[in-house]
Amino acid sequence: MDAFVTSAINNGIGTITFFHPQGNSMPSLQLAKLTAEIENLGSNPAVKVIVIKSGGDRAFCAGASFDELTSIKDIETGRAFFSGFANVINAMRKAPKFVIARIQGKAVGGGVGIAAAADYTFATHEAHVKLSELTIGIGPFVISPAVERKMGTAAFMEMSLNATQFYSAQWAQQKGLFAEVFDTITDMDTAVDALAEKLANYNPEAMQLLKQVAWENTSQWDTLLQERAEMSGKLVLSDFTVKALKAFKGK
């Protein structure tokens, strides 16, 4: 199946689904489409709550597209590439509706960032998480504000330094990344639907104001996340990262 990003609206619930055949990894085009769908549903008066999910049953999101990472040859291209996840996170933050994330499988790098930027995140016990950026000579700079806000600096640094380790969904729930964890996708989807249906019937004005309160003191993220994208854009051109990417691609 080819990559896609789609959205549908049903009874006030706007559902965005993304898919990529390489573990739901995210090239720039996918990230731009995801950002646009979040912004569109956020501004649509027919939508009261937004649900973000990915296709398949094994991986929620493998993070940035490895193929695109290896093609970056200059700082501007690198900055633009890493701005993709920055734009997604900021769109989730600024959407005047609550965003629910449905994490059915492993989340790596930017996938963890999406889970963290959601207002409420459901997961299955298969939703192991990892921040692997240090292994290729960069860091989880763009997503760090969202992850630290949700999990705290200690948990963020634990994941970042142990860059080859997957952490369990139960650990992620204990640290605050996931609100609820389920044994099966069916059980999780039942819970996602139940919360989304409740929120779709609440006062939209009250929910918008509550979201503003929850995201207070994050207005600087528009600038901050772009600055972080530039940090990664520079590092991806370093000798260390170029060699690490070649070695990884050669496996």
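Here is how the numbers come out for the structure above:
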item: Filtered residue count, the stretch 213-237, keeping only those that are more than 15 Å from P145 (Cβ to Cβ), among the hydrophobic types (A, V, I, L, M, F, W, C) and crowded, with 18+ Cβ neighbours inside 10 Å; result: 2
item: Output for the stretch 223-251, where each listed residue is over 18 Å from V142 (Cβ atoms) and not in a helix (DSSP H, G or I); result: G250, K251
item: From the options F141, F156, residue that is more than 21 Å from A80 (Cβ to Cβ), of a type in the set (F, W, Y) and within 18 Å of the chain's Cα centre (by Cα); result: F156
item: Wholly within the stretch 120-183, helices (runs of 4 or more DSSP H) carrying at least 2 residues that are closer than 25 Å to T223 by Cβ; result: 144-151, 153-161
item: Filter result for I114 (surrounded by 24 or more Cβ atoms within 10 Å (Cβ to Cβ) and not hydroxyl-bearing (S, T, Y)); result: yes
item: Test result for I138, of a type in the set (V, I, T), out of contact with any Leu (no Cβ under 6 Å at 6 or more places or on another chain) and touching a residue at least 12 places away in the same chain (Cβ under 8 Å); result: no
item: Boolean, K73 is of a type in the set (K, R) and modelled with pLDDT of 95 or more; result: no
item: Selection status of G176, surrounded by 14 or more Cβ atoms within 10 Å (Cβ to Cβ), in contact with a Lys or Arg (Cβ under 6 Å, 6 or more places away or on another chain) and either at pLDDT below 95 or basic (K, R) (or both); result: no
item: Residue match in the stretch 120-130 (condition: charged (D, E, K, R), under 25 Å from P27 (Cβ atoms), at pLDDT 95 or above and buried (at least 24 other Cβ atoms within 10 Å of the Cβ)); result: no
item: Of all residues in the stretch 12-52 being assigned to a strand (DSSP E or B) and hydroxyl-bearing (S, T, Y), the one that is surrounded by the fewest Cβ atoms within 10 Å (Cβ to Cβ); result: T17
item: Among the candidates A36, A32, A46, A62, residue that is closer than 20 Å to A115 by Cα, without any contact (Cβ under 8 Å) to a residue 40 or more places away in the chain and not basic (K, R); result: A36
item: Test: residue in the stretch 98-108 that is part of a helix (DSSP H, G or I), out of contact with any Leu (no Cβ under 9 Å at 6 or more places or on another chain), of a type outside the set (S, T, Y) and crowded, with 23+ Cβ neighbours inside 10 Å; result: no
item: Residues of the stretch 53-67 that turn out to be part of a strand (DSSP E or B) and buried (at least 22 other Cβ atoms within 10 Å of the Cβ), as a count; result: 5
item: Residue that is within 19 Å of R228 (Cα to Cα) and in contact (Cβ under 8 Å) with a residue 24 or more places away in the chain, where the choices are G105, G176, G84; result: G84
item: Exclusive hit being within 29 Å of N44 (Cα to Cα) and modelled with pLDDT of 95 or more, set E216, E227; result: E216
item: Meets criteria (farther than 16 Å from E133 by Cβ, in a loop (DSSP other than H, G, I, E, B) and not hydrophobic (A, V, I, L, M, F, W, C)) for E216; result: yes
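The values are calculated or read from the model by the stated rules, or taken from the named source; none is laboratory data. Bear in mind the structure is a predicted one, so any value in this text is a computation, not a measurement. Quick reminder, even Gly has a Cβ in these numbers, built from the backbone with ideal geometry, and neighbours come from all protein chains shown.
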